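Novice: Let me begin by handing over the structure; questions about it come next.
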Amino acid sequence: MSETGKYEWVIVDGIGPFFRGYNKRRINWSKIPLAELPLGGEEADAYWSAVRGEMSEFVQRVRAHGYNTVTLDDVAHLTQHESYSDSLRKRVARLSAEMREIIRIIKGAGLKVLMTSDVVPMTGALVEKLHGDRVETAKYFKSLLVQFILDFPEVDGVVLRLGEGDGKDVKGDINNSLFIQTAKQANVMLKDLLECFEYHEKMLVCRTWTVGAYPVGDLIWHRKRVRGLLSGIDSEHFILSLKYGESDFFRYLPLNQAFFETSVQKVIEFQARREYEGAGEYPSFIGWDVEAYAKELEKANNLVGMSVWVQTGGWHAFSRRSYIGEGSYWVELNSAVAVQVLQYGRSVDASLAKFYGTIKLDSVRRFLELSNEVVMKGLYVEEFARQKWFFRRVRIPPLLHVYWDCIFFQHPIKKVMKHFVEDEQKAIQDGYAVLENFAEMETLAEKLGWSVDDVRFMHDSYRLIALAREYIFAPYTEEVKARVLAAKAEYKAKYPRSERARYRVKTSFKRLDVSSQRIALVKRVFLRKKRGYRLLDHLVTIHLLGYVYRLFHKHYEHRIPKFARKSAMGIDTVLK
């Protein structure tokens, strides 16, 4: 007999099967690469047959962990439109036919389906035709969603990605135009769309994640902006989807207060595949974080579910696919425990006992405590991570020297981070101290039948991260530089890319020719500790800075690190 949980919506992302055979060195895990999937000939037939098989396995395994809804990508690639070229029409026809079979598999397993959509997906021809006309663009988007609902009545609703654009590496004829610029525009659009969704009895889910572009870019943390978004919206067919914190899926973040200050239906988003913490290549347990948030959420208004990302997020080479084949053990452990804690109200200990039994519980708990300490104190610089800083419309991430699959030994990061950390010796000591945890972790992993190789990989990676902290906070010497280069060479030799995905080690010892006094001045001018905007922000950081960047970036673009220019949506998007 199945157990009854608290919430109606227990959502998991279902993009993993579509990355079968997607062998790029570095992968954009933000969405299915629909423009690159094979569509013709025996290769395509074999690919889609395999995807169907893997989706069948995926849904059975996630259902066993308590999920009842799967999200897929995306509306525009499954819905025909008059602006599409002949080649795009052919692609949409094949994709929609194949996706219909995928949806049938999910629905056949008794799970619901939600389809994602950017706001607004556009072809080049459509951009040219509409000429930026907001009224006509809104009409087009509404007609696209209505047509999708009519074409796919078996789908239960749509998830809107409101404030996030495509990455610079996204290919194809359909791209996200970042149509919504203000909360008022979003509010008008949602009200208009809700009439259709209510009529067709479908769910409209709106995600608040934004990347800082335009006035709506602070939606994830700005309470007035959230109120503007939701003004006058009261519908049983609407859900607001919120990440647990005021930034991306990092640690050390307080619970988003919008859970308590809004009355609409809401779901909370968690990430089991920790995109900034190894993406499932090693243990990074979130159970105690979820447990702490769950206790606070007991006072939340109208929480109707949870959404857990087991595959989505990040640009990196780590490529384990959860709930498929060998899967990703550490991701699936996070995923299963998150559901047990939030949906069924169990403690972490009770959740672990359910899966491993009481005999193994002490060993399991001890291993996870040790590995959690490694992440919390060895990956994050605790003093920096506990600080709250805002730049323009975004909260500064609590992790800078390691990002996605990159470990940075670079002088600009060294120069900047030293301005935020007073106890530099502790920052260095913490990085090395957690390395002592690994001997016991390895013993426990062997005892529990868990991957010892993963523990060793984690140890080697965190030894390098500890050295990065030393490079950042200790005085620069040629001896330190030599140790860094030797450690980098050793790490790359031990983990060749042909055998195992690993961190990329980014080194640049060229000194940043900027005085400490000037950095301190920049910090005072451009960063703030409070959420509210200063007059200085309105005059300089929000308006003038973006203008100056657009004016001069062509001449000075080469001075911006390639990582910032080429990864994700690029720095130019954040400065809109």
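Novice: What is the P(r) of the stretch 365-429, as percent of Cα-Cα pairs per 5 Å bin from 0?
Specialist: 3, 14, 22, 27, 18, 9, 4, 2, 0
Novice: Can you divide the C-alpha Rg of the stretch 1-119 by 2.2 N^0.38 Å and report the result to two decimal places?
Specialist: That works out to 1.13 for the stretch 1-119.
Novice: Same structure again: Please say if the stretch 54-173 is rounded, prolate or oblate, where rounded means a/c under 1.5 for a ≥ b ≥ c the square roots of the C-alpha gyration tensor eigenvalues, and otherwise the choice is prolate for a/b larger than b/c and oblate otherwise?
Specialist: Prolate.
Novice: Ratio of Rg to Rh for the stretch 153-277, alpha carbon only, Kirkwood?
Specialist: Result for the stretch 153-277 is an Rg/Rh of 0.96.
Novice: Using the alpha carbon gyration tensor of the chain, what are the three equivalent-ellipsoid semi-axes (square root of 5 times each eigenvalue), largest first, in whole Å?
Specialist: Values for the chain, descending: 36, 30, 24 Å.
Novice: Per Stokes-Einstein, at 37 °C and 0.692 mPa s, what whole-number D in µm² s⁻¹ belongs to the stretch 308-387, with the Kirkwood radius over Cα pairs as the hydrodynamic radius?
Specialist: 225
Novice: Turning to a different aspect of this structure: With a ≥ b ≥ c the root eigenvalues of the C-alpha gyration tensor of the stretch 328-369, is it rounded (a/c under 1.5), prolate (a/b larger than b/c) or oblate?
Specialist: Note, shape of the stretch 328-369 comes out oblate.
Novice: Apply the a/c threshold of 1.5 to the C-alpha gyration tensor of the stretch 163-236 and tell me whether it is rounded, prolate or oblate.
Specialist: oblate
Novice: If R0 is 60 Å, what FRET efficiency do you get for Gln425 and Lys6 from their C-beta distance, rounded to 0.05?
Specialist: Efficiency for this residue pair is about 0.85.
Novice: Over all directions, average the projected area of the Cα convex hull of the stretch 481-538 and note it in nm².
Specialist: In nm², the orientation-averaged hull projection of the stretch 481-538 is 7.4.
Novice: Run down the aspartates and glutamates and flag those whose C-alpha is under 17 Å from the C-alpha of Lys494, throwing out any fewer than 8 positions away in its chain.
Specialist: Here the aspartates and glutamates satisfying the reach criterion relative to Lys494 are Glu281, Asp405, Asp453, Asp454, Asp460.
Novice: Given Cα pairs under 8 Å that are at least 6 residues apart, what percent is the relative contact order of the stretch 215-287?
Specialist: About 27 percent, as a whole number.
Novice: If each residue of separation counts as 0.36 nm, what is the full-extension length gain between Arg25 and Arg134 once their alpha-carbon separation is subtracted?
Specialist: Gain on extension, Arg25 to Arg134, equals 35.4 nm.
Novice: Identify the GluC sites (Glu not before Pro) of the stretch 303-383 meeting these criteria: DSSP loop state and at most 15 other C-beta atoms within 10 Å of the C-beta.
Specialist: Within the stretch 303-383, the qualifying GluC sites (Glu not before Pro) (loop, at most 15 other Cβ atoms within 10 Å) are Glu326.
Novice: Rounded to two decimals, what is the ratio between the C-alpha radius of gyration of the stretch 206-256 and 2.2 N^0.38 Å?
Specialist: Normalised by 2.2 N^0.38 Å, the Cα Rg of the stretch 206-256 equals 1.18.
Novice: Find, to one decimal place in angstroms, the Kirkwood hydrodynamic radius of the stretch 375-482, where the mean of 1/r is taken over every pair of different Cα atoms and then inverted.
Specialist: About 15.0 Å for the stretch 375-482.
Novice: Roughly speaking, to the nearest percent, how much of the chain's 1.4 Å accessible area is carbon and sulfur?
Specialist: Carbon and sulfur: 51 percent of the exposed surface of the chain.
Novice: Let me ask another. Using a Cα-Cα cut-off of under 23 Å, which lysines could be cross-linked to Lys6, ignoring same-chain neighbours fewer than 8 residues away?
Specialist: Hits, sequence-local ones excluded: Lys107, Lys112, Lys202, Lys243, Lys266, Lys295, Lys299, Lys354.
Novice: Multiply the residue gap between Glu198 and Arg223 by 0.36 nm, knock off their C-alpha separation, and tell me the result in nm, one decimal place.
Specialist: Numbers: separation 25, 0.36 × 25 = 9.00 nm, distance 2.67 nm.
Residue separation times 0.36 nm, minus the Cα-Cα distance, leaves 6.3 nm.
Novice: With every protein chain kept in place and ligands, DNA and RNA left out, what is the accessible area per residue of the stretch 81-162? Probe 1.4 Å, answer in Å².
Specialist: Values: 3400 Å² over 82 residues.
Dividing the accessible area of the stretch 81-162 by its residue count gives 41 Å².
Novice: In Å and whole numbers, how far do the C-alpha atoms of the stretch 347-386 stretch along each principal axis, longest first?
Specialist: If we take the Cα atoms of the stretch 347-386, the spans are 38, 17, 10 Å.
Novice: Under a cut-off of 16 Å between alpha-carbon atoms, report the aspartates and glutamates in cross-link reach of Lys510, not counting same-chain residues fewer than 8 places apart.
Specialist: The reachable aspartates and glutamates, counting only those whose Cα sits under 16 Å from Lys510, are Glu478, Glu479.
Novice: Would you work out the Kirkwood radius for the stretch 458-512? I mean one over the mean of 1/r across all pairs of different Cα atoms, in Å.
Specialist: This gives a value of 12.0 Å.
Novice: Here's a follow-up. Find the Cα radius of gyration of the stretch 436-480, compare it with 2.2 N^0.38 Å by division, and give the number to two decimals.
Specialist: 1.52
The values are calculated or read from the model by the stated rules, or taken from the named source; none is laboratory data. Everything quoted here is computed from the prediction, not taken from an experiment. Cβ atoms come from the backbone with ideal geometry, glycine included; neighbour counts cover every protein chain shown. All accessible areas refer to the heavy atoms of the entire protein, side chains included, with ligands and DNA or RNA removed. Shrake-Rupley method; radii C 1.70, N 1.55, O 1.52, S 1.80 Å.
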